[in-house]
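First comes the structure, then the notes that go with it.
The values are calculated or read from the model by the stated rules, or taken from the named source; none is laboratory data. Every value quoted in this text rests on a predicted model; they were computed, and no experiment measured them. For neighbour counting, all protein chains shown are included, and Cβ atoms are generated from backbone atoms with ideal geometry for every residue, glycine included.
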Amino acid sequence: MKRIIDGVMIGTGIVAVLAVAIVIAWAGDVFTVDKDGVPKFAVSDAGKITVGATESYVNLVVQNDDVATESDNKLDITADVLTVEGVRLENVALSANIEATGAGGLDSGSEAANTWYYVFVIANNDGTSWNGLLSTSSTSPTMPSGFTKKRRVGAVKNSLGNFLLFVQEGNKCIYSDWSTTQRVVSSGVEIGWTIVDVSPVVPSTSRLCIISNQFEATYGSSGYKGSFIRTAGATSTYGPNLLWTYFVGGTPHATTRIAEVPTDNSNRVEYRLSAAPSSGGIQIDIFGYYDRI
């Protein structure tokens, strides 16, 4: 047993933890109770006890605004729970518009095409006010007056002056409408490992992309023909980081596989074919990525 508040003793059982939480809440304090080092409850000054309250985020969604006239410049951010530098926000529903400036918009400067913008939720010191914010910095946005805390929740590519369309749930982002921007290799025919830069559609805060290997080729000879994608600089020809597809024969074939492939620290993968085709080649598209939020 351990004394943590005058008149209250705590043991290792869940009942004891609840009892301490109730006493702390009754005392008018905001407090997180840990059992065996694992966060279990958050107690508000109103006496509310919430299981799993110390989750980093719950049901976080970032996506283009659903209003047709604004979907290319405005994002919606929602979450049941979102922790922002130690402040717990509930029922978050806000937006960030790149055509606005300050809280709810761009932190500084003006909108630029072909640029990654990082998406933040910002809050004041006690969490009674919060908003969205966009910045070209993934770590140090210019904070609007009155806001002291920040939490990056995603990223968005402003392509030709419009946001690429996407839906992000948690840390997984999927592009919701294909565009030519997402094709990083078209009719590739290289038989040696060839570097592919995926940073136009995978932000610097990600090291895992969702990629397709679409092999459409004609060969003049029969036998196994394959196309391969792996992390740039990988030393193993085969392994868990390899996405491959193949067919047998010399006539035109088309086959596609989609998988998660890690990138290197410069957001690159690499590909090769087993043999040079007489026509066609490999198409490589990025369908999404996992963000390190």
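Key figures
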| read-out | value |
| --- | --- |
| Test for D126: is it surrounded by 15 or more Cβ atoms within 10 Å (Cβ to Cβ) and either assigned to a loop (DSSP other than H, G, I, E, B) or in the same structural domain as N162 (by TED's automatic domain parsing) (or both) | no |
| Filter result (farther than 24 Å from V156 by Cα, within 27 Å of the chain's Cα centre (by Cα) and surrounded by 15 or more Cβ atoms within 10 Å (Cβ to Cβ)) within segment 214-244 | Q214, F228, I229, R230, A234, N241, L242, L243, W244 |
| Filtered residues of segment 87-137 (kept if more than 23 Å from S179 (Cβ to Cβ) and charged (D, E, K, R)) | R88, E90, D107, D126 |
| Segment 200-218, residues that are of a type in the set (G, A, S) and over 20 Å from R257 (Cβ atoms) | S204, S206 |
| Count - residues of segment 95-136 that are touching a residue at least 60 places away in the same chain (Cβ under 8 Å) and out of contact with any Leu (no Cβ under 9 Å at 6 or more places or on another chain) | 1 |
| Segment 139-154, subset surrounded by 18 or more Cβ atoms within 10 Å (Cβ to Cβ) and touching a residue at least 40 places away in the same chain (Cβ under 8 Å), residue nearest to F166 (Cα to Cα) | G154 |
| Check on V184, buried (at least 21 other Cβ atoms within 10 Å of the Cβ), assigned to a loop (DSSP other than H, G, I, E, B) and of a type outside the set (D, E) | no |
| Within segment 197-260, strands (runs of 3 or more DSSP E) holding 2 or more residues that are assigned by TED's automatic domain parsing to the domain that holds Y271, at pLDDT 90 or above and out of contact with any Lys or Arg (no Cβ under 6 Å at 6 or more places or on another chain) | 206-218, 224-231 |
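Conditions tested, residue by residue: (1) under 18 Å from the mean Cα position of the chain (by Cα); (2) at pLDDT 95 or above.
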| position | (1), (2) |
| --- | --- |
| N73 | no, no |
| A96 | yes, yes |
| A123 | no, yes |
| F147 | no, yes |
